[in-house]
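Q: Okay, handing you the structure first.
The values are calculated or read from the model by the stated rules, or taken from the named source; none is laboratory data. Note that this is a predicted model, so its numbers are computed, not measured. Note: ideal-geometry Cβ built from the backbone for every residue, glycine included; neighbour counts use all protein chains shown.
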Amino acid sequence: MRYTADSASCEVLKGHTNIVRGVIALPSADGQLPVLVSWSSNKTIRVWHAADDGTGAMWYTADSASCEVLEGHTNSVRGVIALPSADAQLPVLVSWSKDRTIRVWHAADDGTGAMRYTADSASCEVLKGHTNIVRAAGPGLPIIL
């Protein structure tokens, strides 16, 4: 398969209002297109779920039903990693930021049976205490530069 930039094979995902710093792809629950997670200097993380456009084709869109906007960081988000969740649902997302915090995002039922991420205190832990920018993290401890 060859990838091209024509509109039939290339989607441009719009929504971040500043530099996009990175993207990771996660397996979807239905085995279709992956869930995309992007982060930006605009202090947000976006979780993009592919949705049926009504014709049976799967596309990513920025509407609220298909794209979750995770807000809470007060400065540029520097990175995101995904870790397996205890319940084998959507992974736990761990983000770090120039605001000197690490956030741990747990997916929770949104009341409709869909698993979604939110910034409420029951679903998002805020780890504070760093005295400088958190620049990177990995499976081990965060690296502070």
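Q: Filtering the range 26-51 down to residues that are touching a Ser or Thr at 6+ places or on another chain (Cβ under 8 Å) and not in a loop (DSSP other than H, G, I, E, B), which residue is farthest from Gly113 (Cα to Cα)? Step through it out loud before you land on a result.
A: Here is the first cut: in the range 26-51, the ones touching a Ser or Thr at 6+ places or on another chain (Cβ under 8 Å) are 34-35, 39-43, 45-46, 48-51.
Still in the list and also not in a loop (DSSP other than H, G, I, E, B): 35, 39-40, 45-46, 48, 50-51.
Details: Val35: 18, Trp39: 26, Ser40: 29, Ile45: 22, Arg46: 20, Trp48: 18, Ala50: 17, Ala51: 16 Å.
Selected residue: Ser40.
Q: Exactly one condition in (1) surrounded by fewer than 15 Cβ atoms within 10 Å (Cβ to Cβ); (2) assigned to a loop (DSSP other than H, G, I, E, B); (3) acidic (Asp, Glu); (4) touching a residue at least 12 places away in the same chain (Cβ under 8 Å) is false for Glu125; which is it?
A: (2)
Q: Search the range 52-74 for residues that are part of a loop (DSSP other than H, G, I, E, B) and at pLDDT below 80 and pair each with any residue that is surrounded by 10 or more Cβ atoms within 10 Å (Cβ to Cβ) and of a type in the set (Val, Ile, Thr) when their beta-carbon atoms are under 9 Å apart and the residues are at least 6 apart or on different chains.
A: What qualifies is Asp53/Thr61; Ala62/Val69.
Q: Between Ser85, Ser95, which is of a type in the set (Ser, Thr, Tyr) and outside any loop (DSSP other than H, G, I, E, B)? Give the derivation first.
A: Values: Ser85 fails: outside any loop (DSSP other than H, G, I, E, B).
Criteria check complete, one pass: Ser95.
Q: Still on this structure: Quick check: is even one residue across the range 79-97 more than 19 Å from Val134 (Cα to Cα) and in contact with a Phe, Trp or Tyr (Cβ under 7 Å, 6 or more places away or on another chain)?
A: Within the range 79-97 (the criterion being more than 19 Å from Val134 (Cα to Cα) and in contact with a Phe, Trp or Tyr (Cβ under 7 Å, 6 or more places away or on another chain)), the answer is no, since none of the residues qualifies.
Q: Hey, another quick one. So in the range 71-106, with the set limited to residues that are of a type in the set (Val, Ile, Thr) and farther than 14 Å from Leu26 by Cβ, which one is surrounded by the most Cβ atoms within 10 Å (Cβ to Cβ)?
A: Among residues in the range 71-106 that are of a type in the set (Val, Ile, Thr) and farther than 14 Å from Leu26 by Cβ, the one surrounded by the most Cβ atoms within 10 Å (Cβ to Cβ) is Val77.
Q: A follow-up question, please. Name, by its number, the condition in (1) closer than 17 Å to Ile19 by Cβ; (2) more than 15 Å from the chain's Cα centre (by Cα) that does not hold for Thr44.
A: (2)
Q: Just to be sure I understand, how many residues within the range 1-44 are in contact with a strand residue (DSSP E or B) (Cβ under 9 Å, 6 or more places away or on another chain) and at pLDDT 75 or above?
A: 29
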